[in-house]
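Accompanying notes for the structure given below.
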Amino acid sequence: MKMLKFLSLVLSVVIIASCSSSPKKNSMPVVGFVDAFEDATIAQAKNGFIDALKKNGYSEDQKTVKIEYRNAQGSIPTLTQIVNYFVSEPVDLLATSTTLSTVAAIQKTKTIPIFQMVSPTPERMKVADAQGKGPANLFGTMEELNYIDTSFAIIPKLLKGKNRQLTIGMIYNQSEPQSADALQRIQGLAAKLNVKVIALPLNSSADAQLVTQALLNKNIDAFFANPDNTVFAAFETILKSCNEKNVPIFTSEAGLVQRGAVAAFGADIYQWGYQSGLQAAKYLKTHKTDGLKLEMVKMRKRVYNAAAAKKYNITIPTDFEAVK
């Protein structure tokens, strides 16, 4: 009799444990959103991503989704901890903003779907296989380097050099593949445009003022803000130094024009996040990745900052739109 009661008790415990460990069919999905660092322009991607989810029925206000947001504040160890935490939970999907977040997620999981934004192609992130394909669990929206040609080529059309040859200064991060690749591409384009490029390395935003001053001391005519996380984080410092020396800033990132650069042809960061959010919403509806794949960012804009253009007496082409 005692043995029968014991077996009955064991069976009850097993049933309760199995019920509690199995996922609830109607449980609220959880999104783990990973930001590599704090930045006003990059933050627009998160806003776009969340708005896309909301428009498709996934809203924290309506308690139809839970968005766990973490920001590594520029710390690689913290970024690793964040991704490890989300993978161990596990979350239903990972949303990654900027290259560092995306690469960290790729390194830690092969099963949880990753929806990237503000990140380049798998080849540029060095995560493609021998056939050039990215990880099977990588989705969202990517960018290539072709748009940089258009962005950089704007400068000699709008500016004349103090000397016979236009000189453009740049800062790049040697540890970021997209930054080094962009510099190499621009140097090749500059040779064709008869433009001189002076580039200095910057590995930490803390050194931005010092490196920018060194660049300005080389008598540059303009500054080109490279698609680089360090440049994003230090942009206000770079802008202040350039404005003091009357050197206009051009860029390939539309968000930096809102922050003071003269003009850009580049991705709308909010729309970049929104495009990735639409994919994530499709996944949450079915929990299947059928039909989903990495897409090229669709929304690019020619934009200019009216105040900056006026300050430098630059006439902007009519096909450019003034930022608000």
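The values are calculated or read from the model by the stated rules, or taken from the named source; none is laboratory data. Since this is a predicted model, take the numbers as computed values, not measurements. We place every Cβ from the backbone using ideal geometry, glycine too, and count neighbours over all the protein chains shown. Heavy atoms of the whole protein, side chains included, go into the accessibility calculation; ligands, DNA and RNA do not. Shrake-Rupley method; radii C 1.70, N 1.55, O 1.52, S 1.80 Å.
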Screening LYS245, LYS298, LYS293 for residues that are of a type in the set (D, E, K, R) and more than 20 Å from PRO120 (Cα to Cα) leaves only LYS245
Considering only region 100-117, I want to know if a residue exists there that is at positive phi and surrounded by fewer than 22 Cβ atoms within 10 Å (Cβ to Cβ).
no
Going through GLY291, GLY273 one at a time, which residue ends up being more than 19 Å from THR111 (Cα to Cα) and not hydroxyl-bearing (Ser, Thr, Tyr)?
GLY273
How many of the residues making up region 238-255 are touching a Ser or Thr at 6+ places or on another chain (Cβ under 6 Å) and at pLDDT 90 or above?
2
Can you confirm whether LEU239 is closer than 23 Å to ASN173 by Cβ, open to solvent by less than 50 Å² (accessible area, probe 1.4 Å) and free of Cβ contacts under 8 Å to residues at least 24 places away in the same chain?
yes
Of the residues that make up region 182-203, is at least one closer than 15 Å to LEU100 by Cα and at pLDDT below 90?
yes
Only one of these conditions is not met by ILE171: (1) touching a helix residue (DSSP H, G or I) at 6+ places or on another chain (Cβ under 8 Å); (2) among the aliphatic types (A, V, I, L, M); (3) open to solvent by 10 Å² or more (accessible area, probe 1.4 Å). Which number is it?
(3)
Given (1) open to solvent by 10 Å² or more (accessible area, probe 1.4 Å); (2) closer than 23 Å to PRO227 by Cβ; (3) in contact with an Asp or Glu (Cβ under 8 Å, 6 or more places away or on another chain); (4) not polar (S, T, N, Q), ALA72 misses just (1)
With the structure loaded, tell me whether THR212 is open to solvent by less than 60 Å² (accessible area, probe 1.4 Å), under 21 Å from GLU143 (Cβ atoms), among the β-branched types (Val, Ile, Thr) and part of a helix (DSSP H, G or I) or whether it fails that test.
no
Could we say that LEU256 is part of a helix (DSSP H, G or I) and surrounded by fewer than 24 Cβ atoms within 10 Å (Cβ to Cβ) here?
no
How do the pairs read when you match residues in region 305-321 that are free of Cβ contacts under 8 Å to residues at least 24 places away in the same chain with residues anywhere that are exposed (fewer than 14 other Cβ atoms within 10 Å of the Cβ), using Cβ under 6 Å and keeping only pairs 6 or more apart or on different chains?
ALA306/ALA322
Quick one: which strands (runs of 3 or more DSSP E) lie wholly within region 70-182 and hold at least 1 residues that are within 15 Å of the chain's Cα centre (by Cα) and closer than 19 Å to LEU53 by Cβ?
93-97, 114-120, 138-143
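Okay, residues lined up against (1) surrounded by fewer than 22 Cβ atoms within 10 Å (Cβ to Cβ); (2) touching an Asp or Glu at 6+ places or on another chain (Cβ under 9 Å); (3) in contact (Cβ under 8 Å) with a residue 40 or more places away in the chain:
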position: ASP39; (1), (2), (3): no, no, yes
position: GLU60; (1), (2), (3): yes, no, no
position: PRO77; (1), (2), (3): yes, no, no
position: THR80; (1), (2), (3): yes, no, no
position: PHE86; (1), (2), (3): no, yes, yes
position: PRO90; (1), (2), (3): yes, no, no
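Listed here are the residues, each with its yes/no results for (1) outside any helix (DSSP H, G or I); (2) open to solvent by less than 10 Å² (accessible area, probe 1.4 Å); (3) of a type in the set (Asp, Glu); (4) touching a His at 6+ places or on another chain (Cβ under 8 Å).
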site	(1), (2), (3), (4)
ASN203	yes, no, no, no
ASP207	no, no, yes, no
VAL247	yes, yes, no, no
GLY266	yes, yes, no, no
TYR270	no, no, no, no
GLN275	no, no, no, no
ASP290	yes, no, yes, no
Quick one: TYR58 ticks every box in (1) at pLDDT 95 or above; (2) farther than 29 Å from PHE232 by Cα; (3) in a helix (DSSP H, G or I) except a single one, so which number is it?
(3)
